[in-house]
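To keep things clear, I will list the structure first and then write my remarks on it.
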Amino acid sequence: DEVAELVLADNYDQNRALGNARSQAGIMAEVHTRYLRALEHSGALDRELEFLPDDEMLANRHGVGDGLAAPELAVLFAYTKITLAEAAIAGDLADDSDLAGELDRYFPAPIREQFASGIRRHPLRREILTTTLVNTMVNRAGISFSFRMAEETGAGLADIVRAHHTAWQVFDQGSVWDTIDRLDHQVDAAAQTRMYLESRKLVERASRWLLRNRRLPLAVDATIAHFCEPVARGALALPALLRAGEARWIEVCSAELCELGVPAELARRVACLDSQFMLLDIVDVASDRGRPVEEVAAIHTAVGARLGLDWVRDRVIEDLPRSDRWDALARNALRDDAYTEHRAITAAVLDVAVPGDAADEAFDRWVAANRSAVERAVAIFEQLREHGVFDFSTLSVALRELRELA
């Protein structure tokens, strides 16, 4: 019976992944075109043999807001898992002791209980472990996740799998997805998909952060241990600390999900996911300075609101065009720069704070010591608001002013 449950759970996971992919097929058409081209170039895929559209057909679909159809996405899912599993088995992923627990979870309970040592000596141990890790990542993160992470960071497959696994654990997204799953037949599938994608966005951003900010190969267990508990504490504190647009986003998103029948507690938890990405920087600063994560979070949110960084990062940069790979890379680079400067300014404010300072008092103390530079940066942001036209060049100038502050 447990084997049957495991098989059905795997089928459920794949169908959920396909539903997520279908909902984004139009906006991902350009990415899927590049990915298909890369698979063909490597000799892993013959589009004509698999009845998959060529570049011209995909471009025509993209022009009217469409992308790959469900059967085409299913074929691409299969090729993604096959090619990634083949690449993973050739690397060192299966030898990572931090991931060995995934091998145990593959087997039903009686096998785990009676033959634990035998599992580790299984002749197909490497194949089972790499296939499980790859399939889990693709089911959760989507078809093109590994392809895009490699494009954006230059990381290899094993490091991408480690980063995704770590981010998923740090932000406890398994419990979020389990709660969403239990809403089957209670809310519309589109509402569930929206929540899965909010979660997936957080894990994707966190994976990218880990690949760029941690020594590779990533020490999975040590990284989870470093972040997990303070991230959980920060997640509890953050909603009460957020201001302006970020606070409004939580209220609007929560209300929209509640209107779709989502229970209020889950709706608010999902609405808060977008802001939780900043906790990686907050925890690092708190660790570096030996300060409570709640104190650093308060200063971080004050800096974002008082300087307008939240608006620039989440509402302006996020809305920049991403019609092709270079637009997407440039947008990601600007967003990463904004987070980096936000983190640096938070640390600078923390350094001048005195015991007993509230977040705004610490910020004012820092402003007093850097008044001319702060006023110049704020003036640039005000000009951006008045101008109302945002592009890569104007935002690059604004971010350069931020660098002068830290």
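The values are calculated or read from the model by the stated rules, or taken from the named source; none is laboratory data. Nothing here was measured: the structure is a model prediction, and the numbers come from that model. Cβ coordinates were reconstructed from backbone atoms using ideal geometry, including for glycine residues, and neighbour counts include every protein chain displayed. When the accessible area is computed, the model is the full protein with side chains, heavy atoms only, and any ligands, DNA or RNA have been set aside. Shrake-Rupley method; radii C 1.70, N 1.55, O 1.52, S 1.80 Å.
Per-structure values
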{"quantity": "All positions within the range 354-395 that are free of Cβ contacts under 8 Å to residues at least 12 places away in the same chain and among the polar types (S, T, N, Q)", "calculated": "372, 383, 393, 394"}
{"quantity": "Verdict on residue 97 being free of Cβ contacts under 8 Å to residues at least 24 places away in the same chain and either at negative phi or of a type outside the set (D, E, K, R) (or both)", "calculated": "yes"}
{"quantity": "Residues that are open to solvent by less than 60 Å² (accessible area, probe 1.4 Å) and out of contact with any Leu (no Cβ under 8 Å at 6 or more places or on another chain), drawn from the range 11-26", "calculated": "13, 16, 17, 19, 26"}
{"quantity": "Cross-chain or 6+ apart pairs with Cβ under 7 Å, the range 250-261 first and free of Cβ contacts under 8 Å to residues at least 12 places away in the same chain, then open to solvent by 10 Å² or more (accessible area, probe 1.4 Å)", "calculated": "258/264"}
{"quantity": "Residue count, the range 41-59 (criterion: surrounded by 15 or more Cβ atoms within 10 Å (Cβ to Cβ) and assigned to a helix (DSSP H, G or I))", "calculated": "1"}
{"quantity": "Failed condition for residue 128, given (1) open to solvent by less than 60 Å² (accessible area, probe 1.4 Å); (2) under 30 Å from residue 262 (Cβ atoms); (3) more than 16 Å from the chain's Cα centre (by Cα); (4) not hydroxyl-bearing (Ser, Thr, Tyr)", "calculated": "(2)"}
{"quantity": "Residue, surrounded by the fewest Cβ atoms within 10 Å (Cβ to Cβ), within the range 259-272, restricted to residues that are farther than 14 Å from residue 240 by Cα and among the hydrophobic types (A, V, I, L, M, F, W, C)", "calculated": "264"}
{"quantity": "Pair list, Cβ < 9 Å and 6+ apart or interchain, from the range 2-24 residues that are more than 17 Å from residue 201 (Cβ to Cβ) to residues that are of a type outside the set (Gly, Ala, Ser) and exposed (fewer than 11 other Cβ atoms within 10 Å of the Cβ)", "calculated": "2/110"}
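Let's see how each residue does on (1) farther than 22 Å from residue 196 by Cα; (2) open to solvent by 50 Å² or more (accessible area, probe 1.4 Å):
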site	(1), (2)
68	no, no
80	no, no
109	yes, no
112	yes, yes
132	no, no
137	no, no
